[in-house]
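Notes follow the structure.
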Amino acid sequence: MVYSIASTDSALSVVISSEVIDARELGAKLVQKIRTEKLSLIRFTLDGDNWSSRTLAAIRIVDEAIRKEGAVSDYSKLPAGVSKILTISQPTVDADKEDDRKTSADFLTLVGEQTLAALKEAQEVFKFLLESLAALKQMIRGKAQYQKSDLLSFIHAVGPQALAIVGLVNLLLGVILAFMGAVQLQQFGAQLYVANLVSLGLTREIAPMMTAIILAGRTGAAYAAQLGTMQVNEEIDALQTFGFSPIEFLVLPRMVALALMTPLLVLFADAIGIFGGYLVGVLLLDIGGVEYATQTRNAIDLGDIVLGVAKGSFYGVLVAITGCLQGMRSGRSASAVGNAATSAVVSGIVAIIFATALFAVLTNALGI
């Protein structure tokens with residue numbers, strides 16, 4: 001017999017005399033005892049000091065069975081090593097009790113907690129923006145603490161290295177816009193106005209927005225991951241210890257790089273997207289090349305291009321702010337860094353879409 005069960009006035013005493021036991025059989029017997037004798041305490045004891053991980057696993061299986069009956073396990077009679085491991089492995093909060101606590105919480109309390117959390121979030125964002133503006137002011141005065149080599153490296157990563165993906169996406173967008181417009185305009189024999197649709201749509205709205213979204217997924221996530229990893233390695237704490245401002249040293253070069261390079265990427269996206277529409281118009285819609293180019297030139301003016309470039313610069317700052325903010329707020333674990341990168345992409349895209357809608361309303365109201 002590898003175990004024995006003895007009932008006392010206040011508990012069931014389980015003496016395990018071998019490390020190889022049928023845990024499920026023992027658990028079933030204990031459950032039956034608990035139900036028939038109405039006892040709530042199970043005291044485990046080992047007959048000798050011979051135990052292994054199989055002993056621990058068996059006791060945990062038995063423990064889970066009796067916990068469902070509302071009984072409590074007592075490990076005080078077990079060897080110190082066994083007792084310590086089993087105590088550590090106990091769940092800190094019972095899942096059912098946690099669910100009950102959440103569902104029983106007052107609705108107004110939950111609303112208040114979420115409101116306070118949102119206000120705290122807004123406060124942190126506002127503080128980060130003020131610190132970033134102060135760092136930019138220091139940079140303009142030539143007193144900011146940052147390395148110019150870092151700025152040049154970020155400019156290269158944001159600009160030239162992003163040309164391929166920005167060009168491919170916007171070329172396909174130009175093709176898609178041309179096809180969409182052709183389907184409707186051909187019904188009226190006005191396929192020439194595909195040039196107007198592609199050029200105006202890209203320069204004013206789509207090219208700046210899609211370029212910024214690409215940067216949010218490519219660069220914003222990279223910034224969040226880089227700064228989050230620095231948090232894990234305590235590099236940011238080290239900078240503060242040596243008297244360097246993390247905002248000036250880490251955030252400012254990244255923000256300036258995006259603000260400078262995004263407008264240039266938008267110009268490149270405008271050109272490559274219009275070229276995609278040109279290919280569809282000339283090769284598939286039988287529009288003359290010179291005729292398409294002339295129609296494009298008449299459809300847009302310098303103001304449309306400047307508006308799109310200005311939007312791109314603003315979107316670039318948004319991407320930099322969201323990426324750096326999430327990275328600076330990252331926790332000190334691998335999962336926290338991953339969450340920071342994910343949050344940077346999501347918040348960046350949401351901010352870009354919101355800003356695009358706001359710009360659309362303002363330009364319409366102002367007649368721009």
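The values are calculated or read from the model by the stated rules, or taken from the named source; none is laboratory data. Just so you know, these numbers come straight off a predicted model, no measurement behind them. Please note: Cβ atoms are built from the backbone with ideal geometry, for glycine as well, and neighbour counts cover all protein chains shown. Accessible surface is based on the protein model in full, side chains and every heavy atom, while ligands, DNA and RNA are left aside. Shrake-Rupley method; radii C 1.70, N 1.55, O 1.52, S 1.80 Å.
Give the residue, chosen from A190, A178, that is open to solvent by less than 50 Å² (accessible area, probe 1.4 Å) and under 15 Å from I274 (Cβ atoms).
Exactly one of A190, A178 is open to solvent by less than 50 Å² (accessible area, probe 1.4 Å) and under 15 Å from I274 (Cβ atoms), namely A178.
Being surrounded by fewer than 17 Cβ atoms within 10 Å (Cβ to Cβ) and farther than 28 Å from E248 by Cβ: is that true of G367 here?
yes
Within segment 323-341, track down each residue that is open to solvent by 50 Å² or more (accessible area, probe 1.4 Å) and within 14 Å of A224 (Cβ to Cβ).
R329, A334, S335, N339
Among the residues of segment 231-241, is any surrounded by 15 or more Cβ atoms within 10 Å (Cβ to Cβ) and not in a helix (DSSP H, G or I)?
No: zero hits.
Could you identify the single residue in A144, A105, A134 that is farther than 30 Å from A271 by Cβ, touching a helix residue (DSSP H, G or I) at 6+ places or on another chain (Cβ under 9 Å) and at pLDDT below 80?
Going through A144, A105, A134 in turn, just one is farther than 30 Å from A271 by Cβ, touching a helix residue (DSSP H, G or I) at 6+ places or on another chain (Cβ under 9 Å) and at pLDDT below 80: A105.
Taking segment 280-297 as the region of interest, how many residues are without any contact (Cβ under 8 Å) to a residue 12 or more places away in the chain and either part of a helix (DSSP H, G or I) or touching a Gly at 6+ places or on another chain (Cβ under 8 Å) (or both)?
The total comes to 6.
Given (1) aliphatic (A, V, I, L, M); (2) within 24 Å of A182 (Cβ to Cβ); (3) open to solvent by 40 Å² or more (accessible area, probe 1.4 Å), where does I300 come up short, assuming only one miss?
The failed condition is (3).
Assuming L265 fulfils every condition listed in (1) part of a helix (DSSP H, G or I); (2) open to solvent by 50 Å² or more (accessible area, probe 1.4 Å) apart from one, which condition is it?
(2)
Could you look through segment 120-136, keep only residues that are touching a residue at least 24 places away in the same chain (Cβ under 8 Å) and either open to solvent by 60 Å² or more (accessible area, probe 1.4 Å) or not in a helix (DSSP H, G or I) (or both), and pick out the one that is farthest from Q326 (Cα to Cα)?
Here the residue is L136.
Kindly indicate whether A344 is open to solvent by 30 Å² or more (accessible area, probe 1.4 Å) and in contact (Cβ under 8 Å) with a residue 12 or more places away in the chain.
It is false that A344 is open to solvent by 30 Å² or more (accessible area, probe 1.4 Å) and in contact (Cβ under 8 Å) with a residue 12 or more places away in the chain.
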